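Peer 1: Take this structure, written in structure tokens, and hold onto it; I'll ask about it next.
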Amino acid sequence: MKNYRPFSWEAFWVVFSVIGILCFPILWTSVEVPGFTKYIWATPTSILWLAGACGFLWGISAIWYGKAIDYIGLSLTVGINTGVGCSLGSLIPLFILGNIPSSTVMTPLLAGMGVMLVGVAVITKAGLLKDKQNKSDETVSLNEKFMFGLVLALLSGFGTAAMNIGYTYAGKASALAVADGIDPVRASLIAYVIVFASGGFLANIGYALYVLLKNKTHGDYVKHGAGFAYFKAILTGAIWFGALGFYAKSTALLGSLGPVVGWIVFLSLALVISNFWGLKTGEWKGFPKPCRVMNVGNIILILSVITVGYANSLS
């Protein structure tokens, strides 16, 4: 997401929005649940509005998220975003579902969440150490927008939580499909169509088109090398919703606490993978101490996944 060339950010985001946020969710769901729209129309309007509003909030925060990566890097952005998104995005659905587990399950579940937040804090510390070293090294260009990037990453975390909250609300449509004989694993995709194809898509495409017209960068689509940029945007959209689609399926397999337990595991592993990618792309090259701290954070995150998995086994 840090390299859009020859596309500008807005040119890239328009393609990503159409492909990843709108087309892929609808196409995948259409294949697995033909005629799925009838379950959406049968869902109470209030639920659809709530889920759509959560999607819109996520859509705005997705823009902040993309910008934050440009300002402060992938690892630190994902760390801050994950900390806020996990805590709110797992606790609120727990009350929406109205299925508060016993203390036997709740204790290790909250412990796992706490361990995850510690891991996120450690990784965030690694990012701060990296930035401090960056500013003291004259051979590395200074990032004057670092603090602004931190604020954007924090705000994007609220939107990340909204994504799972909206998904939990929209699960009503998936439940209608299950009651009609559709396999729960397949039906789980319907909820994401409601969240993304409504508010999520409108927020992303609206802002990206506004910037595209304002900056008059629509010519990016015919620049030399644009074909590869299209490929990157389409691939990004496919991988992005592919991960979310499999998360949706996992919630159906994890039982009554699926949107809670699955969300913690999903975000933890996403953070570990993003850190690995940051290492691969050289983001941490020349920063040995921050890199060691980050690796400690990754280990803590893996422990949180094990703890949450144990809690789910008790439910």
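Peer 1: Looking at (1) closer than 17 Å to residue 7 by Cα; (2) among the hydroxyl-bearing types (Ser, Thr, Tyr); (3) crowded, with 17+ Cβ neighbours inside 10 Å, find the lone condition where residue 247 falls short.
Peer 2: For residue 247, the failing item is (1).
Peer 1: Then there's this: What are the residues in the stretch 81-123 that are part of a helix (DSSP H, G or I) and modelled with pLDDT under 75, if any? Outline the logic, then answer.
Peer 2: Let us first name the residues in the stretch 81-123 that are part of a helix (DSSP H, G or I), namely 81-97, 103-123.
Correct list: 97 only.
Peer 1: List pairs: first residue in the stretch 105-125 and farther than 16 Å from residue 267 by Cβ, second residue of a type in the set (Val, Ile, Thr) and part of a helix (DSSP H, G or I) anywhere in the structure, Cβ distance under 9 angstrom, at least six positions apart or on different chains.
Peer 2: These pairs meet every condition: 108/307; 108/308; 111/307; 111/308; 125/293.
Peer 1: Further, regarding this structure: If a residue has to be farther than 17 Å from residue 118 by Cβ, of a type outside the set (D, E, K, R) and without any contact (Cβ under 8 Å) to a residue 40 or more places away in the chain to count, how many in the stretch 282-312 make the cut?
Peer 2: 2
Peer 1: Okay, moving on. Quick one: would you say residue 249 is of a type outside the set (Gly, Ala, Ser), out of contact with any His (no Cβ under 9 Å at 6 or more places or on another chain) and free of Cβ contacts under 8 Å to residues at least 60 places away in the same chain? Please lay out each step first, then the result.
Peer 2: On the way: of a type outside the set (Gly, Ala, Ser): yes; out of contact with any His (no Cβ under 9 Å at 6 or more places or on another chain): yes; free of Cβ contacts under 8 Å to residues at least 60 places away in the same chain: no.
No; evaluated as a whole, the condition is false for this residue.
Peer 1: Name the residue, out of 300, 239, that is within 30 Å of residue 182 (Cβ to Cβ) and either touching a strand residue (DSSP E or B) at 6+ places or on another chain (Cβ under 6 Å) or part of a helix (DSSP H, G or I) (or both).
Peer 2: On the way: 300 fails: within 30 Å of residue 182 (Cβ to Cβ).
Every option except 239 fails the conditions.
Yes/no per residue for (1) surrounded by 15 or more Cβ atoms within 10 Å (Cβ to Cβ); (2) modelled with pLDDT of 90 or more; (3) within 26 Å of residue 263 (Cα to Cα):
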| site | (1), (2), (3) |
| --- | --- |
| 125 | yes, no, yes |
| 157 | yes, no, yes |
| 162 | yes, yes, yes |
| 167 | yes, yes, yes |
| 172 | yes, yes, yes |
| 178 | yes, yes, yes |
| 190 | yes, yes, yes |
| 207 | yes, yes, no |
| 211 | yes, yes, no |
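Peer 1: Hey, another quick one. What are the pairs with Cβ atoms under 6 angstrom where one residue, in the stretch 38-57, is over 12 Å from residue 172 (Cα atoms) and the other, located anywhere, is surrounded by 21 or more Cβ atoms within 10 Å (Cβ to Cβ) and among the hydroxyl-bearing types (Ser, Thr, Tyr)? Sequence gap at least six, or different chains.
Peer 2: Note: pairs meeting the criteria are 52/198; 55/198.
Peer 1: Right, another one. Would you tally the residues in the stretch 267-315 being surrounded by fewer than 17 Cβ atoms within 10 Å (Cβ to Cβ) and aromatic (Phe, Trp, Tyr)?
Peer 2: Adding up the residues that qualify gives 3.
Peer 1: Within the set of pairs 6+ apart or on separate chains, which have a first residue in the stretch 190-206 that is at negative phi, a second that is not in a helix (DSSP H, G or I), and C-beta atoms under 8 Å apart?
Peer 2: Taking only residues 6 or more apart or on different chains, the pairs are 190/33; 190/36; 193/36; 194/43.
Peer 1: Then there is this: Which pairs have Cβ atoms under 9 Å, sit 6 or more apart or on different chains, and link a residue in the stretch 256-272 that is of a type in the set (S, T, N, Q) to one that is surrounded by fewer than 24 Cβ atoms within 10 Å (Cβ to Cβ) and part of a helix (DSSP H, G or I)?
Peer 2: Taking only residues 6 or more apart or on different chains, the pairs are 256/97; 268/302; 268/305.
Peer 1: Let me ask something else. Quick check: is even one residue across the stretch 91-105 of a type outside the set (A, V, I, L, M, F, W, C), within 24 Å of residue 171 (Cα to Cα) and within 21 Å of the chain's Cα centre (by Cα)?
Peer 2: Checking the stretch 91-105: at least one residue is of a type outside the set (A, V, I, L, M, F, W, C), within 24 Å of residue 171 (Cα to Cα) and within 21 Å of the chain's Cα centre (by Cα).
Peer 1: While we're on this one: Out of the residues in the stretch 8-40 meeting the condition of being of a type outside the set (Val, Ile, Thr) and outside any helix (DSSP H, G or I), tell me which one is nearest to the chain's Cα centre (by Cα). Spell out how you get there, then give the answer.
Peer 2: Taking the stretch 8-40 first, the residues of a type outside the set (Val, Ile, Thr) are 8-13, 16-17, 20, 22-25, 27-28, 30, 32, 34-36, 38-39.
Going one step further and asking which of them are outside any helix (DSSP H, G or I), we end up with 8, 34-36.
Numbers: 8: 22, 34: 26, 35: 27, 36: 24 Å.
By that ranking, first place goes to 8.
Peer 1: Follow-up question, since we're still on this one. So, residue 307, is that one of a type in the set (Val, Ile, Thr) and either within 20 Å of the chain's Cα centre (by Cα) or within 30 Å of residue 16 (Cα to Cα) (or both) or not? Talk me through it step by step, then tell me what you get.
Peer 2: On the way: of a type in the set (Val, Ile, Thr): yes; either within 20 Å of the chain's Cα centre (by Cα) or within 30 Å of residue 16 (Cα to Cα) (or both): no.
Answer is no for this residue.
Peer 1: Within the stretch 254-281, track down each residue that is over 16 Å from the mean Cα position of the chain (by Cα), within 17 Å of residue 167 (Cβ to Cβ) and of a type in the set (A, V, I, L, M).
Peer 2: Correct list: 254, 257.
The values are calculated or read from the model by the stated rules, or taken from the named source; none is laboratory data. These numbers were taken from a predicted model, which means no experiment stands behind them. No Cβ is skipped: glycine too gets one built from the backbone with ideal geometry, and neighbour counts run over all protein chains shown.
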